[in-house]
Amino acid sequence: EEKAEELEKKIRKDQLSLDDFLDQLQQVKKMGPLKEILSMIPGLGSKMEGVQVDEGQLKRVEAIIRSMTPEERAKPDLVDHSRRHRIAKGSGTATHDVNQLLKQFRQMRKTLKHISMQEEAMVAPKHGLAGLMAKRKR
């Protein structure tokens with residue numbers, strides 16, 4: 001629960017790192033095969049029939065992230081062309097795979113930040129405008 005609160009704070013402050021993403025990925029892997037997990041989600045179970053889930057993709061993502069320096073994982077925007085090439089070589093993947101992961105991570109971070117802001121806005125009427133402003137300053 002403490003980790004979840006810390007993660008939520010990072011999302012609100014737009015400080016989610018690839019280390020955080022990797023940690024979440026590992027938590028999901030501990031739960032079992034991805035297809036099995038997805039089939040447990042209400043409404044998705046019947047839709048998962050015939051869908052191929054590439055477990056190897058998760059391994060490639062993990063390899064890409066582990067091939068980054070701690071600084072690159074903390075600040076993915078530092079990853080320029082030469083670093084992407086080095087990361088691809090180190091992870092045994094193509095530069096395109098590194099580009100795709102970074103693009104998806106940026107999009108996910110943006111989406112989570114947007115959702116977090118919407119949740120804050122929904123709480124604002126309960127606590128008044130002053131409560132919302134105090135939360136934003138944290």
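The values are calculated or read from the model by the stated rules, or taken from the named source; none is laboratory data. Quick caveat, the model's predicted, so the values are computed rather than measured. Reconstructed Cβ throughout: ideal geometry from the backbone, glycine too, with neighbour counts over all protein chains shown.
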Might you let me know whether the range 87-103 holds any residue that is at negative phi, at pLDDT below 70 and within 18 Å of the chain's Cα centre (by Cα)? no
Is there a residue in the range 78-99 that is among the β-branched types (Val, Ile, Thr), out of contact with any helix residue (DSSP H, G or I) (no Cβ under 7 Å at 6 or more places or on another chain), over 15 Å from GLN15 (Cα atoms) and not in a helix (DSSP H, G or I)? no
Pairs only if they're at least six apart or on different chains, beta carbon under 9 angstrom, first in the range 101-122 and free of Cβ contacts under 8 Å to residues at least 60 places away in the same chain, second acidic (Asp, Glu) and part of a helix (DSSP H, G or I); list them, first residue then second. LEU102/ASP77; ARG106/ASP77
Any residue at all in the range 72-82 that's over 19 Å from the mean Cα position of the chain (by Cα), loosely packed, with under 14 Cβ neighbours inside 10 Å and of a type in the set (A, V, I, L, M)? no
Qualifying position, being under 22 Å from the mean Cα position of the chain (by Cα) and modelled with pLDDT under 95, among ARG66, ARG106, ARG138: ARG106
Residues satisfying the stated conditions in the range 12-52, i.e. modelled with pLDDT under 80 and in contact with a Lys or Arg (Cβ under 6 Å, 6 or more places away or on another chain): ASP14
